[in-house]
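The values are calculated or read from the model by the stated rules, or taken from the named source; none is laboratory data. Nothing here was measured: the structure is a model prediction, and the numbers come from that model. Glycine also receives a Cβ, built like all others from the backbone with ideal geometry; neighbour counts cover every protein chain displayed. For accessibility, only protein heavy atoms count, side chains too; no ligands or nucleic acids. Shrake-Rupley method; radii C 1.70, N 1.55, O 1.52, S 1.80 Å.
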Amino acid sequence: MGAELSATRQHRFRRRLEGLLFYLLLLLAIGLAGWLSQRYQGVYDWSDRARNSLTGASRQLLERLEAPLLIRSFAPANPQLRQQIRAVIEPYQRHRPDITLEFIDPALQPELTRETGIRRAGELQLSYQGRNENLDTLTEQQISNSIQRLIQRGQRWIAGIEGHGERRLNGKANHDLGEFSAELQRKGYRIQALQLSEQPLIPRNIALLVLAGPQVDLLPAERQVITDYLGRGGNLLWLTDPGPQHGLPELFPELGLEILPGTVVDANAAGLGLDNPAIALVTRFPDHPATQRLERVTLYPFAAALKASPADGWQATPLLQTQPGSWNETSTLSGELRRDAALGEEPGPLTLGYAFSRQLEGTSQRLMVLGDGDFLSNSYLGNGGNLDLGLNLIRWLSGDDNLLDIPARTAPDTRLELSRTAGAAIGLGFLFILPLLLIATGLFIWWRRRRA
C-alpha cells in the first residue's frame with residue numbers, strides 16, 4: 001500500500017514538473033519569437049500581381065541612391081491620414097533603411113510650409129543631396145519618378161537671353177518668369193542670365209537656351225551667336241507673342257515657321273467663367289513625351305497662332321491646339337468679336353505650340369516654339385495645369401524625359417462586378433429568401449420540440 005502511494009506521488013510530481021517545464025519553454029519560445037521579430041522582419045505579398053510591393057524598376061532605382069533620402073509629409077495630425085501615407089512609403093523603406101519619413105503639421109509650422117512651396121495638406125517633399133522636389137500624388141509611379149529626377153547626374157543649366165526687353169527668368173514683374181524659375185531651381189535646375197553683348201558665346205554646358213519675347217531686334221553679332229549655338233545641336237525654347245517678331249524666325253528658316261497675324265480668341269473660355277475672350281484653352285494633348293501625362297486644362301492669354309512646314313530632317317509635332325470656336329482676331333479686342341475670313345482670320349483648332357526635333361551628329365536636338373509667354377509668367381503660372389506643362393516642356397527640352405514609366409497597377413480582386421441578373425438574385429435572396437428560410441427553420445424547430 002505504501003509503495004503504491006509513493007509511486008503515485010512520484011507520478012504526480014513528474015507531471016507537475018513536466019507541466020512547469022512546458023510553460024517555461026513556452027514562455028522562452030514566445031520571448032525568442034518576440035526578439036526575432038524585432039531583429040528580423042519578413043513581409044510576404046500574396047495580393048494579386050503583388051500590387052502591394054514595389055516593381056523591379058523601382059527597386060533598381062533605389063539601388064542607385066548614394067545618400068540618405070528624406071521624405072517630409074506636410075500632413076495634419078490625423079492618425080488615419082498619416083497611416084495611409086506610411087503605408088505608401090513603407091515599401092521603399094523596406095528596401096532602403098536610410099529612407100526617412102517625417103511628418104510636419106502645416107498648422108504648427110506655417111513658415112516652413114510656405115518656404116518649401118507646399119500648397120495642399122498631405123503633400124510630400126523629397127530631399128536628396130541638397131535637391132528638393134514636391135509631390136502631391138502618392139503613387140509608386142509619381143514617387144519613383146521624383147526620386148529619379150533627384151538622383152539625375154549632372155547639372156542642368158538653363159540660360160535666358162536678356163538685354164532686349166525679354167521676360168526675365170529671375171524677374172518679379174507680372175510678365176516675368178521668376179516664379180517659374182524658382183520652381184525649376186527646386187527641381188534641381190540652374191538658372192543663368194546671358195547678355196550676348198557682353199558674353200558673345202553661349203557656354204557648352206548650357207542644356208537649354210530660352211528666348212522669351214524680345215521687344216527690339218537683336219544685333220547681327222548676337223543673332224550669329226544663337227545661330228552657332230543651334231548649329232552645334234543646342235536646344236531652344238522660344239516664347240513669342242502677337243506682334244512684331246524682330247526677325248527671329250529667320251534664325252531657323254528650315255523650320256518653315258509662320259506666325260499668323262492677330263491674337264487668338266476663344267469663345268469656349270466663357271464656359272469656364274472667364275470674361276476675357278483673349279484667353280485660349282487647351283484641353284487635350286497629343287501622345288508626345290512632353291505632354292502625354294497632362295490631364296488638366298491649360299490657359300494661354302493673348303497668344304499667337306503658329307504654322308510650320310519643316311524641311312527634311314526635322315520632325316514637327318503640334319503640341320498645343322485650341323478648340324473649335326477659336327480664331328486669330330486681327331482687329332481690336334473690344335465689343336462683339338466675330339471671325340472675318342477676308343482679313344485672314346482662320347478658324348480653330350489653331351496651333352499654339354510646336355515641338356521640333358532632329359538627329360544631329362548622333363545626338364537629339366530639340367526646339368520648342370510657343371505662341372504665348374504669358375502662360376508661364378508670374379501672373380498666370382498658377383492657372384490650371386500651366387505649371388505642370390511648363391515643367392514637362394523644360395524636362396523634354398533639356399533631355400530629362402527618360403523618366404520611369406511605372407504603371408499604376410490594379411487587380412481584379414479589388415472590385416466585384418455582377419450582371420443585373422446576378423445582382424437581382426443576390427438582392428432577392430438576402431431580402432426575402434434568406435429571412436423566409438430562417439423563419440421556416442425556427443417554426444420547424446418549435447414544432448419538433450412541441451411534439452417531443
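Table for the structure above
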quantity: Considering residues of the range 295-350 that are open to solvent by less than 30 Å² (accessible area, probe 1.4 Å) and out of contact with any Asp or Glu (no Cβ under 8 Å at 6 or more places or on another chain) only, the residue farthest from Ile394 (Cα to Cα); calculated: Leu350
quantity: Among residues of the range 351-372, those that are of a type outside the set (A, V, I, L, M, F, W, C) and open to solvent by less than 10 Å² (accessible area, probe 1.4 Å), counted; calculated: 4
quantity: First in the range 78-91 and assigned to a helix (DSSP H, G or I), second anywhere and open to solvent by 70 Å² or more (accessible area, probe 1.4 Å) and of a type outside the set (A, V, I, L, M, F, W, C), Cβ under 6 Å, 6 or more apart; calculated: none
quantity: Neighbours by Cβ (under 6 Å, 6+ apart or cross-chain): first from the range 347-365, within 12 Å of Gly313 (Cβ to Cβ); second of a type in the set (Lys, Arg); calculated: Ser357/Arg366; Gln365/Arg358
quantity: Residues that are of a type in the set (Asp, Glu) and farther than 13 Å from Ala278 by Cα, drawn from the range 312-362; calculated: Asp312, Asp340, Glu345, Glu346, Glu361
quantity: Residues of the range 187-216 satisfying the condition of being without any contact (Cβ under 8 Å) to a residue 40 or more places away in the chain, of a type outside the set (Ser, Thr, Tyr) and either closer than 13 Å to His164 by Cβ or part of a loop (DSSP other than H, G, I, E, B) (or both); calculated: Ala193, Leu194, Gln195, Leu196, Glu198, Gln199, Pro200, Leu201, Arg204
quantity: Residues that are of a type outside the set (Ser, Thr, Tyr) and either open to solvent by 20 Å² or more (accessible area, probe 1.4 Å) or in a loop (DSSP other than H, G, I, E, B) (or both), drawn from the range 226-239; calculated: Asp228, Gly231, Arg232, Gly233, Gly234, Asn235
quantity: Condition met for Leu281 (surrounded by 18 or more Cβ atoms within 10 Å (Cβ to Cβ) and either of a type outside the set (Gly, Ala, Ser) or not in a loop (DSSP other than H, G, I, E, B) (or both)); calculated: yes
quantity: Residues of the range 163-179 that turn out to be out of contact with any Ser or Thr (no Cβ under 8 Å at 6 or more places or on another chain) and not charged (D, E, K, R), as a count; calculated: 5
quantity: Ile394 vs. criteria over 17 Å from the mean Cα position of the chain (by Cα) and either β-branched (Val, Ile, Thr) or modelled with pLDDT under 80 (or both); calculated: no
quantity: Those residues of the range 134-159 which are in contact with an Asp or Glu (Cβ under 7 Å, 6 or more places away or on another chain) and either modelled with pLDDT of 90 or more or assigned to a loop (DSSP other than H, G, I, E, B) (or both), in sequence order; calculated: Asp136, Gln152
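Per-residue answers, yes or no, for (1) in contact with a His (Cβ under 8 Å, 6 or more places away or on another chain); (2) modelled with pLDDT under 90; (3) exposed (fewer than 15 other Cβ atoms within 10 Å of the Cβ):
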residue	(1), (2), (3)
Glu18	no, yes, yes
Gly31	no, yes, yes
Gln41	no, yes, yes
Arg59	yes, yes, no
Ile104	no, no, no
Pro110	no, yes, yes
Arg114	no, yes, yes
Ile118	no, yes, no
Leu126	no, no, no
